[in-house]
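Enquirer: Here you go, one structure.
Please treat every number below as a calculation from the coordinates, not as lab data. Just so we're clear, the structure is a prediction, and the values are computed from it rather than from any experiment. Here the Cβ positions follow ideal geometry from the backbone for every residue, glycine too, while neighbour counts run over all protein chains shown.
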Ligand code: BES
Ligand code: MN
Ligand code: ZN
């Protein structure tokens, strides 16, 4: 989907023409400078509203004042930002999302957003522009992929009002636009139902996207997966009529000698749990069990579009975990690509089995650093809640780099412990390991399992079971796929180019 254009303008606020002009209002005593000026057009109307408690600047407050004489925009929209002392880029992002969602309720709406307030300058004008352009890019998109009539429409135009134009700001707007589109891609793939997106169709979509962006893309079918001895991944796929696939993508943005960043994604296009069947309540959102794969794909597309001077490889394992006469069984022993044997104790712990083979293959290329993304465990959601990704690593420096990238990208990731004794839980009487541990610390044992397949390559596993999918709507975002971690991965790639 093409996005509506994002333009920068330096016009005085009163002269900016749009359906809505959004101006931010922090939770503070005085009106911010921009609003104080507009207050004059309203004969002190804003001050009156403030004094009556209608305009507090609290986060999430949206006040719309139509048809102000002297204002070119049809409506002034004042969006609360919350306390100015703690103001972060993510607060701006949420405020922009609220504004965009308001405007997107009409067809062909246009929105101007004031970013010229000196009080915001501390956040960095480029970062503000990038954040706003990105949010404008995905804020109007709904999960209603299959609805005849959607609840929101793409904006006709987004104008970002800045104090001064520069190539740096134009670039920031473009970066934001590209990130917004990548987030939309990840969201769309997650939101599509499992008879629309299954291994073959996901792989076809990856190939199509790769071709459009000059990325190398290789698809492995079942035969090739057998030849490559991906016995762990293949076992999970056995219960399904949909054949598995693996997708490998390479983006060469720097010379051959430059270090490579590797990204792997869990692509379980539907997770019924297999013979260890999930109850309906746990199964309903399992079309989203390919969010890691969607995130990895979206990230490499954005990295290529931004022409970042890095080398990136992506490895995606695509299977459907189903129940059938050929389903893999409890007690069955699988042989993974790296020769290790795995006794299956729970067919619902399938993500790690899929990733095991993908990680071993990608680790063979000896990348500088490896990151995998997976909706791996409910336990991680229990530990960290729905909005925070867990980070599990075998290398502190690499983990530090990933966490720092997440922080700069404004995404919440928290490091989790990887104590050796969790490894003991994976001991099997019949094979090198079993695929589950005990009842407790399940997110860690899952990560400990994966660690056995990365062959010592610096690696971070991001468990995105919570943040990749919104179970309930929030004022600034919908239910369904969120596109979480796309920005972190792109920022990580960008920072590799610096180092
Ligand atoms: N895909 C699930 C994890 C999941 C749960 C993702 C909830 C998003 C929301 C994964 O394959 C799974 O079923 N994990 C099991 C592991 C257990 C059997 C050790 C789990 O978390 O219950
Ligand atoms: Mn499962
Ligand atoms: Zn799963």
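Enquirer: Please determine, in degrees from 0 to 90 and to the nearest 10, the orientation of helix 396-409 with respect to the longest principal axis defined by the Cα atoms of the chain, where the helix direction is its Cα long axis.
Expert: So the inclination is approximately 30 degrees.
Enquirer: Over the Cα atoms of segment 332-453, how large are the radius of gyration and the largest Cα-Cα distance (Dmax), in Å?
Expert: Taking only Cα atoms of segment 332-453, I get Rg and Dmax of 14.5, 46 Å.
Enquirer: If the chain between residue 107 and residue 407 were fully stretched, how many nm would it gain, using 0.36 nm times the residue separation less the Cα-Cα distance?
Expert: Full extension from residue 107 to residue 407 adds 104.5 nm.
Enquirer: Rounded to whole Å and sorted largest first, what semi-axes of the equivalent ellipsoid does the C-alpha gyration tensor of segment 207-328 yield via the square root of 5 times each eigenvalue?
Expert: With the √(5λ) rule applied to segment 207-328, the semi-axes are 31, 16, 11 Å.
Enquirer: Let me ask you something else. Order of 263-270, 207-214, 488-495 by packing, highest average Cβ count within 10 Å first?
Expert: 263-270, 488-495, 207-214
Enquirer: Sorted by average packing, counted as other Cβ atoms within 10 angstrom per residue and highest first, what order do 223-230, 110-117 take?
Expert: Working: 223-230: 15.4, 110-117: 24.1.
In descending order of packing, they fall as 110-117, 223-230.
Enquirer: Grab the beta carbon distance between residue 121 and residue 472, set R0 = 41 Å, and tell me the FRET efficiency rounded to 0.05. Walk me through the numbers before you get to the answer.
Expert: Details: r = 35 Å, r/R0 = 0.86.
With a Förster radius of 41 Å, E is 0.70.
Enquirer: Further, regarding this structure: Consider a paramagnetic label point 7 Å from the Cα of residue 29 along Cα→Cβ; state which residues of segment 56-70 have an amide N under 17 Å from it.
Expert: 56-57
Enquirer: Based on Cα coordinates alone, diagonalise the gyration tensor for segment 6-164, multiply each eigenvalue by 5, take square roots, and list the semi-axes in whole Å, largest first. Write out the running numbers ahead of the final one.
Expert: Details: eigenvalues 113, 62, 50 Å².
Over the Cα atoms of segment 6-164, the semi-axes work out to 24, 18, 16 Å.
Enquirer: Roughly how many Å is it from the Cα centre of segment 12-54 to that of segment 436-481, as a whole number?
Expert: Segment 12-54 and segment 436-481 have Cα centres separated by 44 Å.
Enquirer: Once R0 is set to 45 Å, what does the formula 1/(1 + (r/R0)^6) return for the Cβ-Cβ distance between residue 11 and residue 204, expressed as a FRET efficiency to the nearest 0.05?
Expert: According to the calculation, E is roughly 0.50.
Enquirer: So, by mean Cβ neighbours within 10 angstrom, what's the order for 82-95, 474-487 with the highest one leading?
Expert: Result, highest mean Cβ count within 10 Å first: 474-487, 82-95.
Enquirer: Compute the angle between helix 351-363 and the longest alpha-carbon principal axis of the chain, please, reported from 0 to 90 degrees and rounded to the nearest 10.
Expert: Roughly 90 degrees, rounded to the nearest 10.
Enquirer: Continuing with this model, one more query. Would you compute, from DSSP H runs of 4+ residues alone, the mean residue ellipticity of the chain at 222 nm, taking -39500 (n - 2.57) per run and dividing by the full residue count, rounded to the nearest 500? Provide the component values of the computation, followed by the final result.
Expert: Details: 16 runs with 177 residues, N = 499.
After summing the helix terms and dividing by residue count, I get -11000 deg cm²/dmol.
Enquirer: Measure nothing fancy, just the Cα-based angle from helix 486-498's long axis to the longest principal axis of the chain, in degrees from 0 to 90, nearest 10.
Expert: 90 degrees
Enquirer: Then there's this: Please report Rg (one decimal) and Dmax (integer) in Å for the Cα set of segment 448-487.
Expert: In Å, with Rg to one decimal and Dmax whole: 14.5, 44.
Enquirer: Divide, for the chain, the radius of gyration over alpha carbons by 2.2 N^0.38 Å, where N is the residue count.
Expert: Here the answer is 1.03, to two decimals.
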